[in-house]
Structures are given as structure tokens and as C-alpha cells.
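Trainee: Below are the C-alpha cells for one structure; questions will follow.
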Amino acid sequence: MNLVAAAPASYPGDPVFAHGITLGVWVIEVVKLIATFAIIMVAVLFMVMYERKAVAYLGNRWGPNRAGPKGWLQSLADGIKLFFKEALVPADADKFVYRAAPVISMVPVLVAFSIVPIGATVTVDGYTTRLQLADPQWGILLMLLASSVSVYGVMLAGWSSASKYPLIGAVRASAQMISYEAALGLSVATVVVLTGSLHTSAIVAAQHGGILYHWNVFRAYGLPAAIFFVAITAEMTRPPFDLVEAEEELAGGYNMEYSSIGFALFYLAEYAALVTNSAFFVTLFLGGPDGPYWHTIGPLWFVVKVLAVLYVYVWARATLPRLRYDQLMDLGWKRLIPASLAMLLIVAAGRISWRWGLAALAGSLFAFILLARAIEVGQAQTEAEATRELEAP
Amino acid sequence: MSSITDSKFISFFKGFFVTGKQPAKPKVTFQYPEEKRPKPERLHGRHVLNRYEDGMEKCIGCELCAGVCPARCIYVRGADNPPDAPVSPGERYGFVYEINFLRCIHCDLCVEACPTEAITESKMFEFSFTSREQAIYTKAELLVDDDGRPKQLPWEDWRPGDDKNTSAWVRATSPSGRADLEGVPLWSGELGYGVRPPQAGQSDPEAADVPADTDISLREVEAGELRGVGVRAVRPVRRPGGGR
């Protein structure tokens, strides 16, 4: 079975490049670049307000309602205030790394958003182009790359601050992000196996048509979507996985020493990552710009779906208490990674025939029982050792 | 059955239903500057200097308030009353009276010390002065006007009706502890209000109908006195241990 390699070779890239790179192509690409940047920036400003409003309503409050109409300019006002503050650099900080860290966490997010398809194609003055900034061959790998690189932003920020709380926060963050990257990558691989292509546009095209049942969330039997959702929540260190910035323990986390533009960039990066990853969730599992009806209004469907996913994030934040560190690691290593591995196996086997699929399911269940037993034995042993140490004179 | 619904997995989603229901419920937030909560019965706000019913000032310039003030924020100078046009009924009157609200801690000791009930505290505490000159209230600002109402300064936020509660002293020194003084007002009349009614005592059948954990202004609203004068939402103030 050639699951991955066959399709991308034949799958066409952005049709705008089909007839060589002319001035018109340049203009289109620059316009798309600026538009993508503008979209993500406006989306971040919107998201900050959306989250504050939604979390307030979930807590029987009104939320910010003073700046601008119904308070919707609050995040803009906050941003302006932040940019006019003094940018402090701690005396012992590694100055270059300290200044570079916010940028390192911001840029990958912007790069990742460039491959999100928000619609099918448009034709302007004879040029047909996709409604996404870039459609590279490595496609969805760029998203995994971006989430890996953004670990460095957090890590370097914590280290270069020359302060202990940011350092502890950064160590926690990097361990957490690396742990959940495996589950994230495996659940993305499930989608890639289903589609047979790494192109985001191909992933979206494969889910097109019909009423919902073409969406990968159903074709992959639901679980990979749930794993992806939890994994990106942990990846972004969003609540309930926000041990990185546990105020009670770390007084703010890796960005504690930052002020002004540096802090604003971290804040922007956090919310840009939230929007981008929601967009990826929609792209990978919820059919991207495809809707149950009226397939021509793709971008609108896309926005509606992203808003719904974002609401679930906020809802989870308003509901769930923060995990303990061992619970976080347990969930990642003992549950999500085996489960995503098993789902990858089952989906891949199911692509061959239903018999193989059933066999993979049975094998996975057996492996799960073994794993559960192994974890049980291991925990019992650890506890026994701990008791022995306690009781020792 | 209950073991299934109480399982970790199910209760995880039950939590989402609990928060998910909240947006439909009424909000607990008061939209503060527009919408004010009723103030506690004995709140200590800014001071006023009262007058008798005939318009005479109650202050006799004895400086007891200045003497008792722990923050040393009161400055008083007394002077002899002019025989042809006396300011106060006694021999002397408060010629200078200043309170520095940058120092005042609103402890109400000046009110306790005052022998003539001249200085009392109102319930109005929302003032945002921007300079020392504004923070130091002189007699011109503190003294009630010809109707017995306190003066509203530009940096003070109060609504029509708020000044009804000027004389917190009346309620703060109610003889609620002594049975033989219950229902007997032990204070002189005020310009514009006359003799204020005493605080409801324990054996008052009328007061028994009013729950103990509600605010005095709520009672006034229920009596229709404050309706439509700036109090938009009045809710009972729940105090620990209280309750209907």
C-alpha cells in the first residue's frame, strides 16, 4: 500500500502558478500575503474580546463593556496601551535572545496560518487562485513544524529572562509541548492516511460534498479529532493545561519578565495560535470551508465553524480546573499517544478492507488491555516503594 | 445506575452542562456608575454640618471633634456669636471648619464626640477630587444649604434621593440596646427633615415584618419613597448568618 506518496505527486499546487510567474501573479500573491496578515491580526483582536466576553457570560458576568460599542474595542485599547509602555530588559538577561524570543513564538504561528484554506478558488482577471496564501507540497507538516518551533519561543523566553519562575514555567512548557506533539502528529497522520495527501487543499477537497458524513471527524471515527483537540489545547498551554503560567506557583510563567511589546507579542502569539489551530481543526476534521448546504459560501462556513470551535475552547477554560503535572503527563503518554497510535492503525487498516480494520481494532483493544495492566502493575510497584520509604526508620 | 452517571468520564461532561447553562441566567454584575447597590444602613460617607429646624447652625466651635480625631484631619476655630445676628444658638459658633478628606478614615469618632449633633456622616462616599484644594472641605462645602440638603460638589457622584440619607448619625446612635429608650428619638430636629424617626427596635411589630438582612434603603424603596429617583436595581444585601 502506498498511502501517502502516490497522491501528492499528481495533486496540483496553486493553479495561479500554472502559466509562469508574471506581474499579475506577483500582485495576487502580495495581496494575499497582506490579506492573510490582516485576517490573523483582526482575528486576534476579535478573539481576545470573544474569549473575555464568552468566559464572562459563562460566569454570570457581563465582561468588558466600556471601550467602544458594547466594549468590543477593549482589546484594541489594551494593545495600544501595551505598545506605549516601557520595554524593560532584566539586567542579567541575555539581551539578544530575550528580544528574539517573542518574535520566535509569533512568526511560526503566522507562517502556519498561511496554509489554511478558507475557501475553494477565486478567479480574478483571468488568474485562478486558491483562497489560501500557500499550498506547498509538504502542506500540513508546516503546521507540525510551526508548533514545534514555537516551543523555542517559550523556552528561550524563560531561559533568557535570568529569573527562576520564568525558567520553571519554560521547562514545564517545553516538556508539555514535546509530550503532546506525538499525539498531535499521530492524529494528523490519521487524516493524512485518510486523504492520501499532505496538501491542506486536498484534505479539504476530500471532505467536500454530501451532508457532513464526508467530514474527517466521522471518517476517522471521532477519536482522532478529540485527541487533536486536546493535544492542541495542551500545545498552546491553554487552560486546563496552563501549568506554564500557573499564577499561584509561578507568578505568571515564562513571560513574567516581559513588558510592553515583548509581552504584547507573546499575547498576540498565544491568541494567533488559538485562532490558527482552531482553523486547522476545522480544516482537518470539520471539512474546512465545506458546509452541509450552500457549498458556494465556503468562507462563511469556515468562519462559523472556527467560531464554534473557539467557543468550545473558551467553554473548556471556563469549566475545567487546571491539571496537576503528573495528570498532564499521564493523559499525554498513557492515554492520548496509545489511543492515537491505535486509531492510526485502525484507520490505515480500514483503508485496505473492513476485515483488516476489524483485525486492527481487535489488536488495539488487546494492546490496550495489556497497557492498562502494565500501568496498574507499575503504579502499584511505585506506591509500594513509596510506602516502604515512608515506613523505613 | 448512579455508578455510571457518577463515573469520572460522565461527570466530566456534566461540568460542561453546568457552565453551559450560565449564559442564559441573569448576570450578577452591577453596572456600577449607572446602577448602584443600596448602601449599608450605617455606612460612613462624607460629613455634613447640620442646622436646626430654624436654620441656626448646630456647631458651637467646641473643637471636640478635632480633639478626638485620630487622623488629625479636622481643623476648627470657634468665635463668639455676633449679638445682633447669631449664627448658632449658643455663645460661640464654628467660625472655621475644615476636614481634610485625604486623611479622614471615616471612623465616625467626631460624630460620637459632637455634643450638638452638628457633624454627622452621610452615605455619600463617591468623590474623586483631583487636588488638595478639592480634598479639603471647608464650611462652605460641608454646611447644609437653606433646605437642609448637603451641597453636591462637581467631583461628587450622587443621584437625586441619595442625600436623603445624610444623617447617618441618627441611625448609628439609636438606643437599640436599652428597652426603655426604644422608639424614643433622643436627638434634635434638623432643617428640612424635622425630628427624624428613631431606628426600628426589636419589639416593633412593624420592624418585625422587615427582614433583618435587608437594607434601610430597600425598606424605603418598598414604601415607595425612592421609586424612580435613580435606584434602578435594589436587592437585599445578604449578610452571613442573616436570612429570612
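Read-outs: derived from the displayed coordinates by stated rules, not from any lab. Quick caveat, the model's predicted, so the values are computed rather than measured. Backbone-built Cβ (ideal geometry, glycine too); neighbour counts: all protein chains shown.
Trainee: State which entries of A:Lys81/B:Lys39; A:Lys53/A:Lys305; A:Lys85/B:Lys27; B:Lys58/B:Lys164; B:Lys14/B:Lys39 exceed 29 angstrom in Cα-Cα distance in the structure shown.
Mentor: Violating the 29 Å limit, Cα to Cα: A:Lys81/B:Lys39; A:Lys85/B:Lys27; B:Lys14/B:Lys39.
Trainee: Step through the residues of the range B:113-128 one at a time and calculate ³J(HN,Hα) from phi using the Karplus curve (6.51 cos²θ - 1.76 cosθ + 1.60, θ = phi - 60°), rounding each to whole Hz and writing x for Gly and Pro.
Mentor: Couplings: 6, 5, x, 10, 6, 6, 9, 10, 9, 8, 8, 8, 10, 8, 10, 10 Hz.
Trainee: Moving on to the next point. Between A:Lys85 and A:Ser353, how high is the FRET efficiency from 1/(1 + (r/R0)^6) when r is the Cβ-Cβ distance and R₀ = 60 Å? Nearest 0.05.
Mentor: Plugging the Cβ-Cβ distance into 1/(1 + (r/R0)^6) gives 0.45.
Trainee: Which residues make up the longest stretch of chain A that has no chymotrypsin sites (Phe, Trp or Tyr not before Pro) in a DSSP loop with at most 13 other Cβ atoms within 10 Å?
Mentor: Answer - A:295-393.
Trainee: How big is the range A:74-118 along each principal axis, measuring the range of its Cα positions in Å and listing the largest first?
Mentor: Result for the range A:74-118: principal-axis Cα extents of 44, 29, 9 Å.
Trainee: Can I ask one more? Of the trypsin sites (Lys or Arg not before Pro) in the range A:219-325, which ones lie in a loop per DSSP and count no more than 10 other C-beta atoms within 10 Å?
Mentor: A:Arg324
Trainee: Same structure again: Give me the Å³ per residue figure for the convex hull around the C-alpha atoms of the range B:1-127.
Mentor: Once divided by residue count, the hull of the range B:1-127 is 205 Å³.
Trainee: When the Cα atoms of the range A:353-393 are enclosed in a convex hull and the volume is divided per residue, what value in Å³ results?
Mentor: 27
Trainee: A further question follows. What FRET efficiency comes out for the pair A:Trp72/A:Val27, r = Cβ-Cβ distance, R0 = 22 Å, nearest 0.05?
Mentor: 0.10
Trainee: What nm value, rounded to one decimal, do you get for the distance between A:Ala384 and B:Ser7 when each label is placed 7 Å out toward the C-beta?
Mentor: Here the answer is 2.9 nm between the modelled labels.
Trainee: Most fluctuating residue of A:Gly139, A:Gly153, A:Gly126 in a GNM of chain A with Cα springs under 10 Å: which is it?
Mentor: A:Gly126
Trainee: Sort B:Lys14, A:Lys32 so that the residue with the fewest other Cβ atoms within 10 Å of its own Cβ comes first and the one with the most comes last.
Mentor: B:Lys14, A:Lys32
Trainee: Shifting gears a bit: Tell me, B:Val144, A:Val42 in order of fewest to most beta-carbon neighbours within 10 Å?
Mentor: Result, fewest neighbours first: A:Val42, B:Val144.
Trainee: Taking the Cβ of each residue in B:Arg72, A:Arg130 as the centre, tally the other Cβ atoms inside 10 Å and list the residues starting with the fewest.
Mentor: B:Arg72, A:Arg130
Trainee: Gain in length, A:Gln137 to A:Lys334, computed as 0.36 nm per residue apart minus the alpha-carbon separation, to one decimal in nm?
Mentor: 67.6 nm
Trainee: Now, a different point. Would you mind estimating how fast the range B:101-159 diffuses translationally, via Stokes-Einstein at 20 °C and 1.002 mPa s with the Kirkwood radius over Cα pairs, in µm²/s?
Mentor: Approximately 168 µm²/s, per Stokes-Einstein.
Trainee: Where a ≥ b ≥ c are the square roots of the eigenvalues of the C-alpha gyration tensor, would you call the range A:220-267 rounded, which needs a/c under 1.5, or, failing that, prolate if a/b is larger than b/c, or oblate?
Mentor: oblate
Trainee: Report the relative contact order of chain A, percent, no decimals, based on alpha-carbon pairs under 8 angstrom and at least 6 residues apart.
Mentor: 20
Trainee: If the elastic network links every pair of Cα atoms under 10 Å, which of A:Ala202, A:Ala374, A:Ala269 fluctuates the most in the Gaussian network model of chain A?
Mentor: Comparing A:Ala202, A:Ala374, A:Ala269 in a Gaussian network model of chain A, the most mobile one is A:Ala374.
Trainee: If you don't mind, another one. Under a point spin-label approximation (7 Å from Cα along Cα-to-Cβ), what is the B:Ala140-B:Arg159 distance to one decimal in nm?
Mentor: 3.1
Trainee: Tell me, what HN-Hα J-couplings in whole Hz come from the Karplus equation 6.51 cos²θ - 1.76 cosθ + 1.60 at θ = phi - 60° for each residue of the range A:315-323, using x for Gly and Pro?
Mentor: After applying 6.51 cos²θ - 1.76 cosθ + 1.60, I find 4, 4, 5, 6, 9, 8, x, 5, 6 Hz.
Trainee: For a Förster distance of 51 Å, can you work out the FRET efficiency between the beta-carbons of B:Val195 and A:Glu248, rounded to the nearest 0.05?
Mentor: According to the calculation, E is roughly 0.35.
Trainee: I need to check one value: relative contact order of the range A:90-149, counting alpha carbon pairs closer than 8 Å and at least 6 residues apart, in percent.
Mentor: Relative contact order of the range A:90-149: 34 percent.
Trainee: Given N residues in the protein assembly as shown, what is its alpha carbon radius of gyration divided by 2.2 N^0.38 Å?
Mentor: Scaled against compact globular proteins, the figure is 1.37.
Trainee: Under 16 Å from a label point 7 Å along Cα→Cβ of A:Arg61: give me every residue in the range A:69-112 with its amide N that close.
Mentor: A:71-72, A:74-75
Trainee: Tell me what the protein assembly as shown gives for mean residue ellipticity at 222 nm when only DSSP H runs of n ≥ 4 count, each as -39,500 (n - 2.57), the sum divided by the residue total, rounded to 500 deg cm²/dmol.
Mentor: That comes out to -15500 deg cm²/dmol.
Trainee: Determine the sum of side-chain charges near A:Trp333: Lys and Arg each +1, Asp and Glu each -1, restricted to other residues whose C-beta is under 13 angstrom from that of A:Trp333.
Mentor: Value of the local net charge: -1.
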